[in-house]
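Working notes, beginning with the structure itself.
All of the numbers you see were taken from the coordinates with simple rules; none came from a lab. Keep in mind it's a predicted model, so treat the numbers as computed, not measured. When we count neighbours, we look across all protein chains shown, and the Cβ atoms used for this are built from the backbone with ideal geometry, even at glycine.
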Amino acid sequence: MSSEYPTKRRFARLTFREPVSGDVTASHDVHILDLSLGGARVEHTSILRPGSSCYLRLPLNEQVLTVLCRVVWSRAVGRAAEEQGGTGLLYHSGVEFVGMSREAQSILEAFLGAQGA
């Protein structure tokens, strides 16, 4: 037995008789098409299911704001270029910002104001 793995578990484990659905968060590149105080429209090659949650990293000038979003709608709009990977389809999705802190909202307001939006 290898010494890099402990012989006892730190926490008790529950094994389910039948598989239970869960979610795994992954990183996917998106192009931000539209941005507002309430949300964004993004273009991507991986499926985003309406009703699901995700994080969106917004590059705003010198800083990156990471916000929790809820996917409101998503639809295939065409074929993706081969080098983009993903499903082979190109999607547009609308996401709504959820529980944004006052500080994050102020940063976004300042950015949108500076852009004339």
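Residue exposure proxy: Phe111, Phe97, ordered by other Cβ atoms within 10 angstrom of their Cβ from fewest to most, comes out as Phe111, Phe97.
Descending by average beta-carbon neighbour count within 10 Å, the peptides 49-58, 98-107 line up as 49-58, 98-107, the highest first. As a proxy for reagent exposure, ranking Val64, Val42, Val95 by other Cβ atoms within 10 Å from fewest up yields Val64, Val42, Val95. Cα-based values for segment 38-117, radius of gyration first and Dmax second, are 14.0, 41 Å.
Note on Ala76 and Arg102: the model spin-label points, each 7 Å out from Cα along the C-beta direction, lie 4.6 nm apart.
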